[in-house]
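Only one structure is covered here, and it is reproduced in the block below.
The values are calculated or read from the model by the stated rules, or taken from the named source; none is laboratory data. Please read these numbers as outputs of a predicted model, since none were measured by experiment. So basically every Cβ, Gly included, is an ideal-geometry build from the backbone, and we count neighbours across all protein chains shown.
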Amino acid sequence: MAMLRGGSAVAATDTGEWSTYKARFLAPDGRVVDTGNDNQSHSEGQGWGLTLAEHHDDRAAFDRMLAWTRRNLRRETDHLHAWRWRLDRQPAVQDTNNATDGDLFIASALLRGGRRWSDPALTEEGRAIARDVLRLLVRRAGGSVVLLPGARGFERRDHVVINPSYYSYPAIAILAEAVPDPAWLRVADDGLRLLRAARFGRWGLAPDWLAVARRDGRISPAEGWPARFSYDAVRVPLWLAWAGLSDEIAAEAPLNFWADPSHRRIPAWVDLSTDVVAPYAAGAGVTEIGRFVASQRGARWDRQVEPVPAGRDYYDTSLFMLARMAASERGE
């Protein structure tokens, strides 16, 4: 895996986009607000916000987000974080299960921040999360070492459910460097092997949720979720290209789907069992991911990438910002 370093240069335009992002989605107390989902907050959003703050060398925003995350999402029994905080519920956290992608990004942001700002306390906090990811979220299934999407609810009698987009390779590389353990390499390598096999439908795409059979390792779209390449799985090519793995088929196949001339605009999703595509377009974030992945593969990209419109929600804007950050770190 390619190891990523913090401290990359940030263009003035990106700095302006970061200021706009904070104004729209960061509450004064450090909560990243999911405006497209009833103004909830998630460990994912806190992890992405911390990552973007470190990238933009914004220690003040980083500290606000970290304080809110510790106060509201940190679990009592380990160093992982509850996945969702809801403004309309009391208590605001009603399910203390974690979301592994959120924990990976929180940990990697802490490790990056510790390096950038020479703060050993941040580094140790990131290491503590990394150790609990290894301890609580790594399992064996069908001959593979897999990364559970959360500590509870994804292990069945005959199969394990994984989310391919939770394999955040840039974050995994940073955690593996900070807490060396052979399990990271197995998680990464077996994850790539599963992604190479997870090719469904006309365009050979990975689903948002994937089942891995315990007995023989057979994979299939997981029951209980739509068999779609959709809002989760669009992140897979971003993480791969960001980590220097743009030659993987799981990066190539989405690019071919997005660039298919039969689509006037990139569809928001495709049903992998019927090949029916969404009747509405994906957002600017997905278009920016496509542009970035194409640039890393040396491929042509004809889809127009436009600035994120003011009305775009938290998720689409975050994807756009993360793709821009990835491009900066890959030297674009």
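Quick look at the numbers
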read-out	value
From the options A222, A197, residue that is out of contact with any Cys (no Cβ under 7 Å at 6 or more places or on another chain), touching a residue at least 40 places away in the same chain (Cβ under 8 Å) and among the aliphatic types (A, V, I, L, M)	A222
Some residue of the stretch 23-41 being within 22 Å of R116 (Cα to Cα) and in a helix (DSSP H, G or I)	no
Of the criteria (1) small (G, A, S); (2) assigned to a loop (DSSP other than H, G, I, E, B); (3) touching a Gly at 6+ places or on another chain (Cβ under 6 Å), which one A253 fails	(2)
Given (1) farther than 16 Å from A107 by Cβ; (2) buried (at least 19 other Cβ atoms within 10 Å of the Cβ), index of the condition A188 fails	(1)
Flag if P170 is out of contact with any strand residue (DSSP E or B) (no Cβ under 9 Å at 6 or more places or on another chain) and either at positive phi or free of Cβ contacts under 8 Å to residues at least 40 places away in the same chain (or both)	no
Test: residue in the stretch 210-228 that is in contact with a His (Cβ under 7 Å, 6 or more places away or on another chain), small (G, A, S) and either farther than 21 Å from L322 by Cα or not in a helix (DSSP H, G or I) (or both)	yes
Subset of the stretch 51-81 (residues that are aliphatic (A, V, I, L, M) and out of contact with any helix residue (DSSP H, G or I) (no Cβ under 7 Å at 6 or more places or on another chain))	A60, A67
Checklist (1) within 26 Å of R140 (Cα to Cα); (2) surrounded by 24 or more Cβ atoms within 10 Å (Cβ to Cβ); (3) in contact with a Phe, Trp or Tyr (Cβ under 8 Å, 6 or more places away or on another chain) applied to V234, failing item	(3)
Of all residues making up the stretch 75-112, the number that are assigned to a loop (DSSP other than H, G, I, E, B), touching a Phe, Trp or Tyr at 6+ places or on another chain (Cβ under 7 Å) and either free of Cβ contacts under 8 Å to residues at least 12 places away in the same chain or of a type in the set (S, T, N, Q) (or both)	1
Members of the stretch 247-283 found to be at pLDDT 95 or above and touching a helix residue (DSSP H, G or I) at 6+ places or on another chain (Cβ under 6 Å), listed by number	E248, I249, A250, A251, P254, L255, W258, I266
